[in-house]
1. Please determine whether any residue of the stretch 18-35 is of a type in the set (Val, Ile, Thr) and farther than 23 Å from Ala130 by Cβ.
2. Which condition number does Ala60 fail, the rest of (1) part of a helix (DSSP H, G or I); (2) among the small types (Gly, Ala, Ser); (3) within 13 Å of the chain's Cα centre (by Cα) being met?
3. When the residues of the stretch 90-122 are narrowed to those that are under 23 Å from Ser61 (Cα atoms) and in contact with a helix residue (DSSP H, G or I) (Cβ under 6 Å, 6 or more places away or on another chain), which ends up least open to solvent (accessible area, probe 1.4 Å)?
4. Has the stretch 74-87 got any residue that is free of Cβ contacts under 8 Å to residues at least 40 places away in the same chain, open to solvent by less than 80 Å² (accessible area, probe 1.4 Å) and either of a type in the set (A, V, I, L, M, F, W, C) or not in a loop (DSSP other than H, G, I, E, B) (or both)?
5. Within the stretch 8-22, how many residues turn out to be open to solvent by 10 Å² or more (accessible area, probe 1.4 Å), in a loop (DSSP other than H, G, I, E, B) and touching a residue at least 60 places away in the same chain (Cβ under 8 Å)?
6. What pairs come out if I take residues in the stretch 23-38 that are in contact (Cβ under 8 Å) with a residue 24 or more places away in the chain and of a type in the set (Gly, Ala, Ser) and pair them with residues that are crowded, with 19+ Cβ neighbours inside 10 Å and not in a loop (DSSP other than H, G, I, E, B) whose C-beta lies under 6 Å away, six or more apart or interchain?
Amino acid sequence: MSRIDESKEFIPVRIAVLTVSDTRSLADDRSGDTLVERIAEAGHILAARKILPDERDAIASQLRAWCVDDGIDVVISTGGTGLTGRDVTVEAHRDVYEKEIDAFGTVFTIVSMQKIGTSAVQSRATAGVAQGTYLFALPGSPGACRDAWDEILVKQLDFRHRPCNFVEIMPRLDEHMRRK
């Protein structure tokens, strides 16, 4: 089973948080606040935070901008992963991905099933990699953000997590772009 190897040094990662909502502001962004709090508690660095409306091109543009920013290793978005007509975050993420992390959505669904039962089928949480940056799209509820962070991301974004984690392979995410 997974464990933290205390003999290894913790490596903080730089994380940007994007809230996708037509109605939220920083004053009432409970999901974004949940992520920001957990990022800090885990010892990581909040590199950027923004709120954008449910507009596919604007979301994809922001994701691309953060992917080429050397000060950002990970982007976590919250909101826009549902089934309504305005829910376009998943499509925007997939416009940017070079590789999709298929198992993230599956594991998130398993975690969600334990919390909310069959309502978990309404989420389209997804993850991928672009330009050497990890991208995660979470549902817009604080509970879903807590579940994704506490059950998946806090472990996978910890270099000490065994048997493996996302941080240890970060230096190789963009190796296909380097000259031989």
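1. So far as the stretch 18-35 goes, yes, one or more of its residues are of a type in the set (Val, Ile, Thr) and farther than 23 Å from Ala130 by Cβ.
2. Single failed check for Ala60: (3).
3. For the stretch 90-122, the residue satisfying everything is Ala92.
4. No.
5. So the answer is 6.
6. Ser31/Thr78; Ser31/Cys145; Gly32/Val17; Gly32/Thr19
Conditions tested, residue by residue: (1) touching a Gly at 6+ places or on another chain (Cβ under 8 Å); (2) over 20 Å from Leu153 (Cβ atoms).
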position: Pro12; (1), (2): yes, no
position: Ala16; (1), (2): no, no
position: Arg24; (1), (2): yes, yes
position: Glu55; (1), (2): no, yes
position: Tyr97; (1), (2): yes, no
position: Thr106; (1), (2): no, no
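The values are calculated or read from the model by the stated rules, or taken from the named source; none is laboratory data. Please read these numbers as outputs of a predicted model, since none were measured by experiment. All Cβ positions, even for glycine, are placed from backbone atoms using ideal geometry, and neighbour counts span all protein chains on display. Heads up: the accessible areas ignore ligands, DNA and RNA and are worked out on the full protein's heavy atoms, side chains in. Shrake-Rupley method; radii C 1.70, N 1.55, O 1.52, S 1.80 Å.
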